[in-house]
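Asks: Structure provided below as structure tokens; questions to follow.
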Amino acid sequence: MLERIQKVFREVLEDDTLVVESTTSQETVSGWDSLVQVKLIIGLEEEFGVEFTTEEVLEAHSVGAFETLLESKGVS
Amino acid sequence: MSAIAKGNRRFVLLAESPAPYSEAQIDTLVEALSDPAKLTPAQWIEIEQIAKKLASVPFNRSDEVEALHTDAARWLRALRLEAAGKKEAAADLLDGIWIGCLGEDRAQRLLAQARNLMGGPQRELAARRLAEVAKVSISHRTLGAVDRLAKQLRKGNLAFRRRTKIALLGSATLEFWLPALRAQCFAWGIDAEFHVGPFGQYQQEILQPGSATELFHPDIVVIASDYRSLGFPQESNDPGGEVQQRVNGLRSLWKQVRERMGAFVVQLNAEIPAQDPYGRLSAALPGGLGRMLRGFNLALWDAERAEPGVAVVDVEQIAAKFGKLAIQKQGWQDAVLWNTAKQYPSSQATPVLTQHLTGVFRAVLGLSAKCVAVDLDGTLWGGVIGEDGLGGIQIGGGPVGEAHAAFQTYLKALAARGIMLAACSKNNREDALAPFREHRGMVLKEEDFAVFVANWESKDQNLKEIARIINIGLDAIVFVDDNPMERARVHQNVPEVEVVELPLDPSGFVAALDEPLYFEALALTGEDRVRGQSIRTNQERAQLESQSGSVDDYLASLEMTVALSPFQPADMARIVQLINKTNQFNLTTRRLNESDVRQLFAGEGNYTQSLRVSDRFGDNGLTGVLIAVREGDALRVHTWLMSCRVMGRRLEEAVLAALGKFARTSGATKIVGEYLPTAKNEVVAKLYSTLGFTATGEPGIFEISTATTQDAPKFLKIIDHTNVDQQIEE
């Protein structure tokens, strides 16, 4: 799952060398602003075929949070 | 049918199994790859997944795959080459693999080749493939990929058809539109620079002198005032007043944009919300919201007609086309992302909206297509006329015949609005004409065509011939042919021509021609309506010419009447249209909007002239424009152009004679001419020298004393309105 999340991050942030881990968060990635946040949401929704709720969009600010949310939606 | 189903299953199973594969699985793979059946979109993706798995493990039976020549095997080999970094070899293998693929499927194949061409020596080809991707795809992900690759390509030199600066202002987060919009502008040859105004502040950005938008100096300003920001009440006692107040507000913004920024306005109209507490009453009640929004949209179009330099984009129609049903993440709007990020419309829908915006930009920039060249057999009717005969072709009756008739009806309406129709067929001419003359099921008639070419030459030769007869660039032609090989050949040999990817089923022809929005226009002029007729009579003129002794004898036999007049308000739309789309007989190719033209018209001592010409074959309408500005004791020709339909008739001498006369009476001593070369106006490179001007030494600048300008040729009957007071009423 982490590999697919990383793919989305690389596409959105236009950085082919970006490496993400569960601890990667909005503080540690430069350029992860509110616009990028929405692009990440859209990218992850499409990559994993899931939908995020309004609250989830507002509260997920780290890769770990995305992993937890994706797991709760049945992604393994 | 069973072959496809079986193949499908084999690829899925392999795509889902972990690598490395067993010997038995590789046997299955080789067998599946050797099946020549056409691949389904899902199979292309499954093979991609298989290739990825094979990339990470040793694969010692690759020579068995090398030996296969099916699309499936080529696709797998190319993806493995790409994974190994052998990009040029991958690109070679992928060339042409999209032939017969349509839509998103086609986009993915083209994107794969473009990706592999990047960074290699064939940058132009990579750019062409990417452009094609962005024309056929409406997936925001694919367009995002095009945008990223195009950005890399643009670091070097790339040829564009137009440069422009576009400001996006509105009441949603318009940054979300940029990837698709940039990719689509790139696809159509527009080198666009964008500025996005701050969220929700479109009024301030326009009204505030010195705003970031004003300092950006946009050529086009898009006002995306989302229906929510307009603040209509759910029900009103004064619906007319509510509408008027908002339209007036927008009109004053348009005026500011045009006058202070000199930019063209693209105004988005209001979507009618799909969820409405009043239900059907919303439109049925006199003061209901649904009815007010409909009234508002109509009032915007009325305002567009009254205001120069404005085009309204029909968001309501685009939303309906996309589908407003709120199946989450699939429909026009995404409520979650509206609430969290003011995204509008949804990411899936955005490319369709931006596609329409790009269509309008092309119209503003004079890039819309002017001609549709259609194949006959299999395209306008089912069957082959030369083999099946009049009784055997399918047109009019029966399901297939009805599909072709619907396509003909669409083409006939295109011709009526000024898009020239050309037949481009491999046939004996008499065979090709027979259905038009004798078959009762035909909607199109011979006289609907501006040009009719039926012979055994190659289609790319014939398209060049059509361009020559109509006197337009190849890039103004859209080619429609049911045969994918003919289409691929035209793509290859005349890449400027737009090629429509037709589905196998004729029921899909209308949508295939309609959806890329080749023909968007800002206005419909009288000239547009008679253009096809005019091209036909031109061909009769050409016949007369070949029978005449000298060129002048021929020109005299045309019995031409030339009417010259200062610009008139009623002609403004046509004048602006000509200024923005004329490429060949155009000395300076300065593109101007209506407010620019009015300013030049109003300048002290300036001269404007429109030219109309009629002859024994009919009226060509307004086909020439000249603007000269007074500079000291000289009149300087700022803009001079003539429609290609009336070139070669010595009309330029009549234009100059009238200009000379005006110059003398207004006290100017010389006329200064300027030639700015472009890729397309070589034909007038020597015009000033031919007319007796002398070169000044400064490149492209010529001059002539007003005492020495010549009279118009004797065979032209001149009606000169120049001495009438020049005036355009507001």
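The values are calculated or read from the model by the stated rules, or taken from the named source; none is laboratory data. This structure is a prediction, so every number in the text was calculated from the model and none was measured. Here Cβ is always computed from backbone atoms with ideal geometry, including for glycine, and neighbour counts include all displayed protein chains.
Asks: Looking for whichever is outside any loop (DSSP other than H, G, I, E, B), under 23 Å from residue B:551 (Cβ atoms) and modelled with pLDDT of 90 or more here; the options are B:655, B:629. Which one fits? Steps first, answer last, please.
Replies: Values: B:629 fails: under 23 Å from residue B:551 (Cβ atoms).
After applying the criteria, what remains is B:655.
Asks: Of all residues being surrounded by fewer than 22 Cβ atoms within 10 Å (Cβ to Cβ), of a type in the set (S, T, N, Q) and not in a helix (DSSP H, G or I) in region B:111-167, which is farthest from the other protein chains (Cβ to nearest Cβ)? Just the residue, please.
Replies: Among residues in region B:111-167 that are surrounded by fewer than 22 Cβ atoms within 10 Å (Cβ to Cβ), of a type in the set (S, T, N, Q) and not in a helix (DSSP H, G or I), the one farthest from the other protein chains (Cβ to nearest Cβ) is B:164.
Asks: What residue, among those in region A:28-40 that are exposed (fewer than 13 other Cβ atoms within 10 Å of the Cβ) and at pLDDT below 90, is farthest from the other protein chains (Cβ to nearest Cβ)?
Replies: Of region A:28-40, the ones exposed (fewer than 13 other Cβ atoms within 10 Å of the Cβ) are A:28, A:30-31, A:33-34.
Adding the requirement that they be at pLDDT below 90 leaves A:30-31, A:33-34.
Values: A:30: 18, A:31: 13, A:33: 10, A:34: 7 Å.
Per the criteria, the residue is A:30.
Asks: Separate question: Just checking, which of B:260, B:228, B:305 is modelled with pLDDT under 95, more than 14 Å from every other protein chain (Cβ to nearest Cβ) and under 18 Å from residue B:207 (Cβ atoms)?
Replies: On inspection, the qualifying residue turns out to be B:260.
Asks: Of everything in region B:330-357, what is touching a Leu at 6+ places or on another chain (Cβ under 7 Å), within 20 Å of residue B:103 (Cβ to Cβ) and away from chain A (no Cβ under 14 Å)? Give them in sequence order.
Replies: B:354, B:355, B:356
Asks: Additional query: With respect to the numbered conditions (1) within 23 Å of residue B:197 (Cβ to Cβ); (2) touching a residue at least 40 places away in the same chain (Cβ under 8 Å), which one is the sole condition not fulfilled by residue B:304?
Replies: Going through the list (1) within 23 Å of residue B:197 (Cβ to Cβ); (2) touching a residue at least 40 places away in the same chain (Cβ under 8 Å), residue B:304 breaks only (2).
Asks: Out of B:327, B:318, which single residue is farther than 28 Å from residue B:586 by Cβ and either buried (at least 20 other Cβ atoms within 10 Å of the Cβ) or more than 14 Å from chain A (Cβ to nearest Cβ) (or both)? Spell out the reasoning first.
Replies: Working: B:327 fails: either buried (at least 20 other Cβ atoms within 10 Å of the Cβ) or more than 14 Å from chain A (Cβ to nearest Cβ) (or both).
Just one listed residue meets the conditions, B:318.
Asks: Out of B:487, B:536, B:468, which single residue is farther than 16 Å from residue B:420 by Cα, assigned to a helix (DSSP H, G or I) and of a type in the set (D, E, K, R)? Before you say what the answer is, go through the steps one by one.
Replies: Numbers: B:536 fails: farther than 16 Å from residue B:420 by Cα; B:468 fails: farther than 16 Å from residue B:420 by Cα.
Of the residues listed, the single one that is farther than 16 Å from residue B:420 by Cα, assigned to a helix (DSSP H, G or I) and of a type in the set (D, E, K, R) is B:487.
Asks: Which pairs do you get when a residue that is farther than 20 Å from residue B:356 by Cβ, found in region B:135-152, comes within reach of a residue that is among the acidic types (Asp, Glu) and part of a loop (DSSP other than H, G, I, E, B), reach meaning Cβ atoms under 7 angstrom, with the pair 6+ apart or on two chains?
Replies: Within 7 Å, the pairs are B:148/A:14.
Asks: Another one. Tell me, which helices (runs of 4 or more DSSP H) wholly within region B:1-90 include 1 or more residues that are of a type in the set (Ser, Thr, Tyr) and over 44 Å from the mean Cα position of the chain (by Cα)?
Replies: So the answer is B:23-33, B:62-66.
Asks: Yes or no: region A:41-55 includes at least one residue that is of a type in the set (D, E, K, R), out of contact with any Asp or Glu (no Cβ under 7 Å at 6 or more places or on another chain), over 21 Å from residue B:144 (Cβ atoms) and within 13 Å of another protein chain (Cβ to nearest Cβ).
Replies: Kept after step one, since they are of a type in the set (D, E, K, R), are these residues of region A:41-55: A:45-47, A:51, A:55.
In the following step, the residues that additionally are out of contact with any Asp or Glu (no Cβ under 7 Å at 6 or more places or on another chain) were identified as A:46-47, A:55.
Filter once more, keeping what is over 21 Å from residue B:144 (Cβ atoms): A:55.
Checking which are within 13 Å of another protein chain (Cβ to nearest Cβ) leaves us with A:55.
Yes: region A:41-55 contains one or more residues that are of a type in the set (D, E, K, R), out of contact with any Asp or Glu (no Cβ under 7 Å at 6 or more places or on another chain), over 21 Å from residue B:144 (Cβ atoms) and within 13 Å of another protein chain (Cβ to nearest Cβ).
Asks: Answer yes or no as to whether residue B:271 is acidic (Asp, Glu), over 30 Å from residue B:599 (Cα atoms), surrounded by fewer than 22 Cβ atoms within 10 Å (Cβ to Cβ) and in contact (Cβ under 8 Å) with a residue 24 or more places away in the chain. Can you show your working first?
Replies: Working: acidic (Asp, Glu): yes; over 30 Å from residue B:599 (Cα atoms): yes; surrounded by fewer than 22 Cβ atoms within 10 Å (Cβ to Cβ): no; in contact (Cβ under 8 Å) with a residue 24 or more places away in the chain: yes.
So residue B:271 fails the test.
Asks: Can you pull out every residue in region B:432-465 that is assigned to a helix (DSSP H, G or I) and either within 23 Å of the chain's Cα centre (by Cα) or in contact (Cβ under 8 Å) with a residue 60 or more places away in the chain (or both)?
Replies: Residues of region B:432-465 that are assigned to a helix (DSSP H, G or I), as a first pass: B:432-438, B:446-448, B:459-465.
Residues satisfying the conditions are B:447, B:448, B:459, B:460, B:461, B:462, B:463, B:464, B:465.
Asks: Now a separate question. If residue B:105 satisfies all but one of (1) touching a Phe, Trp or Tyr at 6+ places or on another chain (Cβ under 7 Å); (2) in a loop (DSSP other than H, G, I, E, B), what's the number of the condition it fails?
Replies: If we test residue B:105 against (1) touching a Phe, Trp or Tyr at 6+ places or on another chain (Cβ under 7 Å); (2) in a loop (DSSP other than H, G, I, E, B), just (2) comes out false.
Residue-by-condition table, conditions (1) surrounded by fewer than 16 Cβ atoms within 10 Å (Cβ to Cβ); (2) among the charged types (D, E, K, R):
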position	(1), (2)
B:13	yes, no
B:38	yes, yes
B:43	no, no
B:60	yes, no
B:67	yes, no
